Amino acid sequence: MKLGILGGTFDPIHYGHLVVAEECRARLGLDVVLFIPAGQPPHKRGRIISSAEHRVEMVRLAIASNPGFELSRIEVDRVGPSYTVDTLARLRDEYGPSTRLYFVVGMDALAEILTWHEPVRLISLCQVVAVTRPGFADFDLAALEPAIPDARRRICVLPAPELRISSSDLRRRVARGLPIKYQVPESVEEYVYRHGLYRAEGE
C-alpha cells in the first residue's frame, strides 16, 4: 500500500490543499491520501487557532466526495504538541512495514525542516514529497546533505497546480466581510459562516 500523508492546521482547509493532495495521489499512484489536522501545532504557539473539532469537521466536509481521501484524528486525539515524527512513527506501527509512507510538504516548509523535531529520524520513516509553492523559489536539496546525508534520495520534488490561496488570507477575508466563495468547497464555506468562524479577527 502507498499511503500519502498531508498534515496541516487546516484553518480552514481550501482548494489549494485539495489540489495538491489529488495531484500527489494521481502522480505517485497513492492508494489513499490521509488528511491529518494538527492538534497543537508546535510552530504556531501563541496564535489563536480554531478548535480541533471545527477544523476536523471542515476537513471531513471538504474531502467527502473523493474516495481516495481519508481523515485521521491521530493528532487531535493526542495530548500535547503534534510532532510530525511521532505521527509518522505511529502510522508506521499501525500500517506495518509493507506500507510506504509519502509525507507531503510544501517547499517552503521543507526549507525549514532542520528546525523540526528529529528531522533525521523523520526522513528515515517516509518518502518526503516536496510540493512547489506559489512565490517560493526552488530549494537546493544538497543544502540538507550535511545534516541529513540521505536527503536527496529520500526527498522528491513534485510540481503541482499553483493556486494562490492561503488559510491566513481566507481568515482575514471573512473578518473583513469579503467573500471566500470559489476558494473553499461550498460545504466548508457554509460551515464557516454558520459557526461564525474568523469574525473576531476583524474586531
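Proximity of backbone amide H atoms, modeled 1.01 Å from N, is registered between A160 and T132 at under 5 Å, excluding neighbours fewer than 5 places apart on the same chain.
Scalar couplings 3J(HN,Hα) for the range 103-109, obtained by applying the Karplus form with A = 6.51, B = -1.76, C = 1.60 to θ = phi - 60°, are 8, 8, 9, x, 4, 5, 5 Hz; x denotes Gly and Pro. Residue-wise HN-Hα couplings along the range 60-65, as the Karplus relation 6.51 cos²θ - 1.76 cosθ + 1.60 with θ = phi - 60° gives them from phi, are 4, 5, 5, 9, 4, 8 Hz; Gly and Pro carry x.
Here the label points at D169 and Q40, each 7 Å from Cα along the C-beta direction, are separated by 3.2 nm in the simple model.
Proximity of backbone amide H atoms, modeled 1.01 Å from N, is registered between G8 and I36, A38 at under 5 Å, excluding neighbours fewer than 5 places apart on the same chain.
Taking a cut-off of 30 Å, what percent of all Cα-Cα pairs in the range 2-195 are separated by more than that? Of all Cα-Cα distances in the range 2-195, 16 percent exceed 30 Å.
Please give the contour-minus-distance gain from E112 to R152: 0.36 nm per residue of separation, less the Cα-Cα distance, rounded to one decimal in nm.
Working: separation 40, 0.36 × 40 = 14.40 nm, distance 1.55 nm.
Net length gain for the segment: 12.9 nm.
Relative to the longest principal axis of the Cα atoms of the chain, the long axis of helix 84-95 lies at roughly 70 degrees. Across the range 21-34, coupling constants 3J(HN,Hα) worked out from phi with the 6.51/-1.76/1.60 Karplus curve, θ = phi - 60°, read 4, 5, 5, 5, 4, 6, 6, 9, x, 6, 6, 8, 10, 9 Hz, and Gly and Pro carry x.
Highest mean first, how do 69-80, 4-15 rank when packing is the count of other Cβ atoms within 10 Å averaged over residues? Walk me through the numbers on the way to the answer.
Working: 69-80: 15.4, 4-15: 23.0.
Highest mean packing first, the order is 4-15, 69-80.
Amide H to amide H distances under 5 Å link G106 with V131, where only residues 5 or more positions off or on other chains count and H is placed in the peptide plane.
Counting alpha carbon pairs within less than 8 Å and at least 6 residues apart, what relative contact order, in whole percent, applies to the chain?
Numbers: 308 pairs, mean separation 50.4, N = 203.
Over the chain, the number comes to 25 percent.
Bear in mind that the values in this text are calculations on the coordinates, not laboratory data. Worth saying up front: this structure is predicted, and the values here are computed from it rather than measured. No Cβ is skipped: glycine too gets one built from the backbone with ideal geometry, and neighbour counts run over all protein chains shown.
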